[in-house]
Amino acid sequence: MLTTPEHRTGTCQSDDVTIHYRHFGSPGETPMLIVHGLSYFSYDWIDIAGELCGDREVVAMDMRGFGDSTWSPTQKYALDDFAGDMANLLDHLEWPKAIVMGHSMGGRNSTYFTAGHPDRVEKLVLVDSSPVNAPAGGKRVMNIVAGVPDVFADFDAALEYFGQDPHSPQDSSVRSRMENYLKPADGGFVIKRDTAFREKFRKQRDTGEREPLGADMWERLGAIQCPILVVRGMRSDMFTDETVPKVKEANTNVTLVELDTAHNVGGEDPEGLVREVKKFL
C-alpha cells in the first residue's frame, strides 16, 4: 500500500443531501460498499479499497454531513436517513446487491441497513463495531468531538488537537490526511463534518443526556440472515472483551476475529484487515 490506488469520484442525490463517493475497480464479483466512522471519511479507506477491488467494484462513501457529501439543511441524521442514503447509492450505482463493510458508526448504520434490506446485502463486515459502545471509548469520543474548536488556525493546530505530531513533514501521511480532513473557512480551517454532531456531543457532555438512537441494535444484529464478519481491535476502548460473547450469541452467522489494534483497525493494521476480509469473501 505504497501508492494511492487509482479511482474516480462521483455524487448521488439522496433526499436532502448530495452523497460523494470514491469508486474503485471494475465489475466482477459482488461489489462492496464501505461506510466510514464518526471521526473518519472515505479518504481513510482509499488504500484498503484499492486492495479489495482486484476482482470487484468497491465504493467508499462519505456519509451525509461528512467529507465531501453535503450537510443536511434540517439536520436529518437518524438511522433511517443514513440507511436511505445507502439504498439510494446502491440504486445509483445499479447494484442490486452488495457486500457492505462499516467501521464504528458506519458499522452501526450498516447493521441497521442490512437488517432492513436483507435482499440488498450478500455479506456484512463490521469493523470494531458492536451494538453498544464501551463507556470509556464513548466518553473519549464525546470529549474529542465536543471540544473541537469553531476553527483551527492552521493544519498544525489541528494535528496537535488530535494528538498528532504538528512537526510532521509536508509529505507525511499524517499531514496529508489532516489536509484532506479539513476545509478552508473564515479564520482558518474546519473539519469536514456537520457541526450538528459536535453540538449533540456537547449537550451530552454538559447535561448527561444522550439522544435516543431510535432502534434496538441488538435486535437489528440478531435479525440479519447473511454471513457477518466482525473484526475487533484487541486494544479497542469502544468494543471491550465483555462484549465479544454477546455479539457471538446475538447471531449465529457471526464470525469474529481480532487484530492487535485499537479502535482504528483499518488505520493501524490495514494489511491484517484486508487479509481477514479477503478470507471472509
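The values are calculated or read from the model by the stated rules, or taken from the named source; none is laboratory data. All values derive from a computational prediction rather than experimental measurement. Note that each Cβ is placed from the backbone with ideal geometry, even for glycine, and that neighbours are counted across all protein chains shown.
Observations, loosely collected:
- Selection over region 206-226 of residues that are in contact with a Lys or Arg (Cβ under 9 Å, 6 or more places away or on another chain) and farther than 25 Å from Asp80 by Cβ gives a count of 0.
- Taking region 187-281 and the helices (runs of 4 or more DSSP H) fully enclosed by it, the elements with 1 or more residues that are of a type in the set (S, T, N, Q) and surrounded by 14 or more Cβ atoms within 10 Å (Cβ to Cβ) are at 195-207, 243-250.
- Residue match in region 151-161 (condition: loosely packed, with under 11 Cβ neighbours inside 10 Å and more than 21 Å from Thr70 (Cα to Cα)): no
- Which listed residue, of Ser130, Ser110, is under 23 Å from Ile46 (Cβ atoms) and not charged (D, E, K, R): Ser110
- Among the numbered conditions (1) more than 27 Å from Phe162 (Cβ to Cβ); (2) crowded, with 21+ Cβ neighbours inside 10 Å; (3) under 14 Å from the mean Cα position of the chain (by Cα), the only one that Thr114 does not meet is (3).
- Counted residues, region 14-69 - those being outside any strand (DSSP E or B), hydroxyl-bearing (Ser, Thr, Tyr) and in contact with a helix residue (DSSP H, G or I) (Cβ under 6 Å, 6 or more places away or on another chain): 1
- For region 135-176, a tally of residues being in a helix (DSSP H, G or I) and not aliphatic (A, V, I, L, M) returns 13.
- Region 76-106, residues that are part of a loop (DSSP other than H, G, I, E, B), surrounded by fewer than 22 Cβ atoms within 10 Å (Cβ to Cβ) and in contact (Cβ under 8 Å) with a residue 40 or more places away in the chain: Lys76, Tyr77, Ala78, Trp95, Lys97
- Matching entry among Pro212, Pro227 (being at pLDDT 95 or above and farther than 30 Å from Phe152 by Cβ): Pro227
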